[in-house]
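Below: one structure, written as structure tokens.
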Amino acid sequence: MLKMGNKERRKLIKNLIAAEKISTQDELLKRLKAAGVEATQATISRDLHALNVAKVSDGNGRSYYAQLEVAAPKIDQRLYDAIENTVESITMVQFMNVIKTTPNSNYATILAGLFDDSQMTEITGTLAGNDTLITISKSPEEAQVINQLVLDHMN
């Protein structure tokens, strides 16, 4: 069995639900296992939510998972709202940004997920703790883009 990163696993889930009508998480777990991927029900539930997957009906009363289209502005707006409501400060250090959120709130982890979901090309990766988030960019110029975005949307 493979332990797969969430991006690869989510891509596989997206392909599986596009290729066949999968009705339950248990059925999806079996398909993943058949593909050699080990995952838990809780992980699959988070993946389905992140992929904007919902159950739809086929007209014959049978429901199955389908990915719903999400407009990019909705993702951006969630990110902007999270920045406005949770970010207290940002400090750029070379090719990284250190973002401080509301103390003892776990908002840094949520904000990191929103940055990851946004698929901004200026972010190579994120690292989050309880109330501190680090965004890592390839260059100081890319880090500056992220820094300005956060500054523009801070409260």
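Just so you know, all these numbers are worked out from the coordinates, no wet-lab data involved. Note that the structure is predicted; figures quoted are calculated from it, not measured. All Cβ positions, glycine included, derive from the backbone under ideal geometry; neighbour counts span all protein chains shown.
When S137, S63 are arranged by Cβ crowding within 10 Å, least crowded first, meaning fewest neighbours, the order is S63, S137. Dividing the summed helix terms, -39500 (n - 2.57) for each DSSP H run of n ≥ 4, by the number of residues in the chain produces a 222 nm estimate of -15000 deg cm²/dmol to the nearest 500. Here region 27-114 is assigned +1 on the Cβ of each Lys and Arg and -1 on the Cβ of each Asp and Glu. Its dipole about the Cα centre then comes out at about 340 debye. Just to confirm the number: angle between the C-alpha axis of helix 72-86 and the first principal axis of the chain, 0 to 90 degrees, nearest 10? That helix lies at roughly 50 degrees to the long axis. Positive contributions from Lys and Arg (+1) and negative ones from Asp and Glu (-1), summed over other residues with Cβ under 15 Å from the Cβ of M92, come out at -2.
Here region 72-153 is described by how far its Cα atoms reach on the three principal axes: 29, 27, 20 Å, from widest to narrowest. Taking amide hydrogens as placed 1.01 Å from N in the peptide plane, the amide H of T132 sits under 5 Å from those of T101, A108, each at least 5 positions away in sequence or on another chain.
Here are some values of Cα extents along the principal axes in Å: (i) 47, 44, 18; (ii) 37, 34, 27; (iii) 53, 34, 30. Which one was computed from this structure? Only one listed value fits the structure, namely (iii). Counting neighbouring beta carbons within 10 Å and listing from fewest to most, the residues H49, H153 come out as H49, H153. Each Cα pair under 8 Å and six or more residues apart adds its separation to the average, and for the chain the resulting relative contact order is 18 percent. Using the average count of surrounding beta-carbon atoms within 10 Å as a protection proxy, the listed peptides 34-44, 94-104 rank, highest first, as 94-104, 34-44. Axis of helix 140-153 versus longest Cα principal axis of the chain: the two differ by about 90°, to the nearest ten degrees.
When the chain is treated as a Gaussian network with alpha carbon springs shorter than 10 Å, the biggest mean-square fluctuation among R31, R62, R78 belongs to R62.
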